[in-house]
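The block underneath contains the structure these notes are about, expressed in structure tokens.
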Amino acid sequence: MKIKAQIPNLFTMLNLFCGCVAVVFVSKLDFDSAFFVLCLGIFFDFFDGFFARKFGVAGPLGVQLDSLADMVTSGVVPGYVMFKLMQDSDAFGTESYLPYIGFIITLGACYRLAKFNIDTRQSDSFIGLPTPANALFFTSLPLINASFFDDNFSGIIYNNWVLIGLCFLSAYVMNAEIPLFSLKIKNFSFAKYKLQVFFLALCIILLALFSIYAIPLIIIIYVLLSVINNMVHKNTTV
């Protein structure tokens, strides 16, 4: 067994380990640590594919391992975060079954990951919101709420009916037939990748201004830009 062939799998296992640790932090309501570890897991998730392509060792085992690791890091963790947010709320409380709706996100992520493995259209772009982006959106919500001492803002973030709506919307957007542009720039050409360059520049500006609090806004902008881009391309080809 060549060591080089196992390097991508090692990164995948590190992604899975981060997902497991994040679950522990969420169980303790330590959302800050959970978010940090989840980001580390997504970092490892990016580089397992990078090294697989770099070393020419991509294969079916790596594909399955990647999806199983993502199921924990980008599926279980955000669903558990939403469960704990709603369970911790005064509106539902610990005796209610409604907080379990948070795991709709986990179910949606599972279905999206299974579809991704057999969908040949998603080699250069995405169909539906990728699970890591979805996970970042939901795990950043409690951090934002804890940092803003505004009752109106907290009322929106911790409104359980809003959270329930977001759970169902998340499962839909991850699996909807919405083409989303990829951030993989294989050979730099501003004319070809101007949308990606604009989006990345906007991300840098928003992160510089608002730090991690810009993450939900960045995810929303990513989806909206993709929808607008699809409409423009559709009109130009008609």
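Here is how the numbers come out for the structure above:
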{"read-out": "Percentage of interatomic Cα-Cα distances in region 1-84 larger than 21 Å", "value": "30"}
{"read-out": "Residue-level accessible surface for residue 163, protein heavy atoms, 1.4 Å, Å²", "value": "0"}
{"read-out": "Sequence of 43, 199 when ordered by accessible area, the most exposed leading, probe 1.4 angstrom", "value": "43, 199"}
{"read-out": "Ranked order, 170, 27 - accessible area, probe 1.4 Å, largest first", "value": "27, 170"}
{"read-out": "Amide H partners (placed H, <5 Å) of residue 180, local residues excluded", "value": "126, 127, 128"}
{"read-out": "For residue 25, solvent-accessible area (1.4 Å; no DNA, RNA or ligand), Å²", "value": "60"}
{"read-out": "Most to least packed among 9-16, 216-223 [average Cβ atoms within 10 Å]", "value": "9-16, 216-223"}
{"read-out": "Chain lengthening between residue 88 and residue 209 when straightened (0.36 nm per residue, less Cα-Cα)", "value": "40.5 nm"}
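The values are calculated or read from the model by the stated rules, or taken from the named source; none is laboratory data. Please read all numbers here as calculations on a predicted model, not as lab measurements. All Cβ positions, even for glycine, are placed from backbone atoms using ideal geometry, and neighbour counts span all protein chains on display. Surface accessibility is based on the protein's heavy atoms, side chains included, excluding ligands, DNA and RNA. Shrake-Rupley method; radii C 1.70, N 1.55, O 1.52, S 1.80 Å.
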